[in-house]
1. Would a scan of region 112-119 turn up a residue that is touching a residue at least 40 places away in the same chain (Cβ under 8 Å), within 13 Å of the ligand (Cβ to nearest atom) and of a type outside the set (K, R)?
2. For region 29-37, state whether one or more residues are in a loop (DSSP other than H, G, I, E, B), of a type in the set (A, V, I, L, M, F, W, C) and over 28 Å from R111 (Cα atoms).
3. Among the numbered conditions (1) loosely packed, with under 14 Cβ neighbours inside 10 Å; (2) out of contact with any Ser or Thr (no Cβ under 7 Å at 6 or more places or on another chain); (3) of a type in the set (D, E), tell me where D87 comes up short.
4. A56 - would you say it is in contact (Cβ under 8 Å) with a residue 40 or more places away in the chain and either assigned to a helix (DSSP H, G or I) or loosely packed, with under 13 Cβ neighbours inside 10 Å (or both)?
5. Between E178, E169, E127, E137, which is acidic (D, E) and in contact with a strand residue (DSSP E or B) (Cβ under 8 Å, 6 or more places away or on another chain)?
6. If I filter region 22-74 down to residues being within 15 Å of the ligand (Cβ to nearest atom) and of a type in the set (S, T, Y), which single residue comes out as nearest to V236 (Cα to Cα)?
7. Looking for whichever is under 27 Å from Q231 (Cα atoms), within 16 Å of the ligand (Cβ to nearest atom), within 16 Å of the chain's Cα centre (by Cα) and not aromatic (F, W, Y) here; the options are L4, L105. Which one fits?
8. Go through region 130-153 and count every residue that is among the β-branched types (V, I, T) and surrounded by fewer than 20 Cβ atoms within 10 Å (Cβ to Cβ).
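Values quoted throughout were computed directly from the atomic coordinates according to the rules given, and no laboratory measurement underlies them. What you see is a predicted model; the values in this text were computed from it and never measured. Here Cβ is always computed from backbone atoms with ideal geometry, including for glycine, and neighbour counts include all displayed protein chains.
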Amino acid sequence: MAGLGVNIDHVATVRQARRTYEPDPVWAAVEATLGGADGITFHLREDRRHINDRDAELLKRTVTIKLNMEMSIARPIVNIAARLRPDQCTLVPERREELTTEGGLDVVRLRRRIKPVVERLRGEGIEISAFIEPIAEQIEASAEVGCHAVELWTGGYAHAKGKRGVERELKRLADGIEVGRRAGLLVHAGHGLTYSNIGPVTALGGFSEFNIGHSIISRAVFVGIREAVRQMKALV
Ligand code: PXP
């Protein structure tokens, strides 16, 4: 059975809209845990637009399930991750002007910069995943630089138009699972997954973890985090 990682960044986004103390993403992590989440995911961005250093510290000290830190490969962030030692680090691309993480990390082009980051974090006992597009070369390069896992970007699937477009993206994901398995990697999925589009993705089999944020937190506005997580957990 695949694990559900709940991304709590959006709770911090609401807090930062007023630069106040509520809602607290650390409370959200507790609620998600009580709802049956298998992991808590957060992204400490270089510009600290939502999750901040205090959140990261408290999450590390309080979360009792798998803690997954999404991060760029910038040195100050890598230093924090090495000190914090979450269970897993997911390397993502990061651009200041983007609304959210767009597309995957280009491991093929950046392999010489990524490899020492992976080695350093692995040395701290952290599992490493790379958030990449479902492209064979990117998956193989992730294995070569020493990742334990890849998280396949599901944005292409989530944004696909028409039956044929959706089928084409599902095929890319299925092929990605196969390439990842052959390379000895665990294969995760994330981005743009919702209550209504997750079914065909779980039906592919082979994904070991789903990281979902926006859809769960959106539903939580109406039903609460615990219930929103419980409902998503039933689908994965
Ligand atoms: N996985 C990764 C690597 C991400 O960067 C994000 C977005 O922060 C997610 C999963 C969650 O995406 P969404 O909020 O669209 O569910």
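1. We begin by selecting, within region 112-119, every residue touching a residue at least 40 places away in the same chain (Cβ under 8 Å); these are 113-114, 117.
Subsequent filtering for residues that are within 13 Å of the ligand (Cβ to nearest atom) retains none.
Checking region 112-119: not a single residue is touching a residue at least 40 places away in the same chain (Cβ under 8 Å), within 13 Å of the ligand (Cβ to nearest atom) and of a type outside the set (K, R).
2. Residues of region 29-37 that are in a loop (DSSP other than H, G, I, E, B), as a first pass: 35-37.
Remaining after also requiring of a type in the set (A, V, I, L, M, F, W, C): 37.
From the residues that got through so far, the ones that are over 28 Å from R111 (Cα atoms) too are 37.
Taking every residue of region 29-37 in turn, at least one turns out to be in a loop (DSSP other than H, G, I, E, B), of a type in the set (A, V, I, L, M, F, W, C) and over 28 Å from R111 (Cα atoms).
3. D87 satisfies every listed condition except (1).
4. Details: in contact (Cβ under 8 Å) with a residue 40 or more places away in the chain: no; either assigned to a helix (DSSP H, G or I) or loosely packed, with under 13 Cβ neighbours inside 10 Å (or both): yes.
So A56 fails the test.
5. E127
6. T41
7. Values: L105 fails: under 27 Å from Q231 (Cα atoms).
Residue meeting the stated conditions: L4.
8. First, the residues of region 130-153 that are among the β-branched types (V, I, T): 132, 135, 139, 145, 150.
From what's left, surrounded by fewer than 20 Cβ atoms within 10 Å (Cβ to Cβ): 135.
Number satisfying all stated conditions: 1.
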